[in-house]
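One structure is given here, and the rest of the page talks about it.
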Amino acid sequence: MDHAQAPILQALADYHGRGRLPFTPPGHKQARGAGSFVRQGLGDAVFHADVLASGGLDDRRTRGRVRERAEALMADAVHAEHTFFTTCGSSLSVKAAMLAVAGPHEEVLLGRDAHKSVVSGLILAGIRPVWVDPQWDAARHLAHPPSAQAFEDAFRAHPGARGALVTSPTPYGSCADLAGIAEVCHRRSLPLVVDEAWGAHLPFHPGLPAWAMDAGADVCVTSIHKMGSGLEQGSVFHLQGDLIEAAALASRADLLGTTSPSVLILAGIDGWRRRMALHGRELLGEALELAAAVRADIELVDGLHVYDRADCTGPGLAADLDPLPVVIDVAALGTTGYRAADWLREHHRIDLHLADHRRISAQLTHADDDGTTAALLTALGELAHRAEELRPAPRVLVPAPEELRLEQVCPPREAYFGPVEDVPLDRAAGRIAAEMLTPYPPGIPAALPGELLTAPVLDYLRSGVEAGMHLPDAVDPALRTVRVCKGTDRRNTPGGSRLRG
């Protein structure tokens, strides 16, 4: 296929070239109604690209097949059989994939390090989760994707499960053994869905970890806006094989998605595909060289350590590591990642991807260069020099792996939609959660609806909030109270005692 084409961008240029006059949404009518204050802030180009998808960019019956042709080009570029665009982010894409695998009351195997959007899908669909434990690095307090053997064991224990979902890469860059997990699924003629939201770049350079379609996955969900050049909410999901019907997957996406897709976001996806198909190997090769140099320079800064393959891969750990998320351990500085990230934003205007109790992560892409990385290195050097200002850091009580894992005592949907009440934090241990409690970013719930809350996990969240952790989806983000299922109290169960002081 001719990857110099960009059907959506070309149709947008044609729309303006023909001087089309809209008597349709959007109501700003090509910026004329937006007002000078908004136009000065956003620029008219944003409004000019914001046209109606059908009855504007394409005719009312979409006979130009504009979006369909763009999706076909994307599928060809990444070796998928079908590709679907969405302007609702990978949070929608992963829900659509789950709904194509299983229905209400059916089981799906899921890595417990799944994103909160996966849990939202469980709640909406009524799917029953079979959680597969990640591989846990107890020394670094870091989770890596579950192993293929863990999925094998879970299928044996739950032979009625309809398929599996795994997250790879994780927000920390660690990658699953996708080929091994796919083989476990396909031996049973069951599909594998990969939440590869952080892997939009993987198909375009051989020096990067294997991507889901090449590893044999059936569905792959990718956020173009994360590691690609798309706009926020730009996402695609790819399909291959015959274990999931393309029409069914498209229907599930239509069930959840907007009927007013943003042409602006679709055009960003189209442009990203074109650039990667034509120049991706060169651009990503330069990014990998830059990342290697940056990693080496950060490693020379006293008190900082960059996680590499030696830290993250091997028996009991990840199968591979994406080097572009530069994950930096700041524990030796005597502070937390929360304080380090806040200091870098305040003093150097640098925003980082994520921060936790001991790490920060600087995400590099093909858009970075010597100038951006020089600013990062200067800021990190000063952070280390002035680390005394960030001490003493509040202690975050991170549980041991066996304490971090909560028991799922009822399905997420039942807990979420059932009778609930808000109880003081110090009375929540032994109760069943009716909400997600999710440190964000990266957005992996520490507790989710239907799980039995325990003192160690609540201690972790309480101490985390005191240290700077953000819990945006909790009813009370300050965690003075916790939403639980009404009428449940299992305070006598193991781990259900009061919180520690």
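Note on segment 415-431: among residues that are crowded, with 22+ Cβ neighbours inside 10 Å and part of a helix (DSSP H, G or I), the one that is nearest to the chain's Cα centre (by Cα) is 416. For segment 86-96, the criterion of being closer than 20 Å to residue 271 by Cβ and without any contact (Cβ under 8 Å) to a residue 24 or more places away in the chain is satisfied by no residue at all.
Sub-7 Å Cβ pairs linking a first residue in segment 247-260 that is modelled with pLDDT under 95 to a second residue that is buried (at least 17 other Cβ atoms within 10 Å of the Cβ) and charged (D, E, K, R), at least 6 apart or interchain, are 256/95, ordered by first then second residue. Of all the listed residues (208, 249, 192), the sole one being assigned by TED's automatic domain parsing to the domain that holds residue 148 and over 22 Å from residue 320 (Cβ atoms) is 249.
Across segment 103-120, the number of residues qualifying as assigned to a loop (DSSP other than H, G, I, E, B) and crowded, with 19+ Cβ neighbours inside 10 Å comes to 4.
Screening residue 402 with (1) touching a residue at least 12 places away in the same chain (Cβ under 8 Å); (2) farther than 28 Å from residue 224 by Cα gives one miss only, at (1).
Filtering segment 121-135 to residues that are assigned to a strand (DSSP E or B) and among the β-branched types (Val, Ile, Thr) leaves 130, 132. Among the residues of segment 211-262, those identified as within 15 Å of residue 195 (Cα to Cα) and among the charged types (D, E, K, R) are 214, 218, 226.
For segment 303-326, a residue qualifies if it is more than 27 Å from residue 384 (Cβ to Cβ) and either surrounded by fewer than 17 Cβ atoms within 10 Å (Cβ to Cβ) or free of Cβ contacts under 8 Å to residues at least 12 places away in the same chain (or both), and the qualifying residues are 314, 315, 316. Set side by side, the residues 39, 32 differ, and just one is surrounded by 14 or more Cβ atoms within 10 Å (Cβ to Cβ) and of a type in the set (Lys, Arg), which is 39.
Residues of segment 85-102 that are surrounded by fewer than 24 Cβ atoms within 10 Å (Cβ to Cβ) and farther than 23 Å from residue 145 by Cα: 87, 88. Within segment 167-174, not a single residue is over 24 Å from residue 328 (Cα atoms) and either outside the structural domain of residue 73 (by TED's automatic domain parsing) or modelled with pLDDT of 95 or more (or both).
If a residue must be exposed (fewer than 15 other Cβ atoms within 10 Å of the Cβ) and not in a loop (DSSP other than H, G, I, E, B), how many such residues does segment 236-245 contain?
Restricting attention to segment 236-245, the residues satisfying the condition of being exposed (fewer than 15 other Cβ atoms within 10 Å of the Cβ) are 242, 245.
If we keep only those that are not in a loop (DSSP other than H, G, I, E, B) as well, we get none.
Here the count works out to 0.
The values are calculated or read from the model by the stated rules, or taken from the named source; none is laboratory data. None of the values given here were measured: they were computed from a predicted structure. FYI the Cβ positions are ideal-geometry reconstructions off the backbone, even for glycines, and counts take in every protein chain you see.
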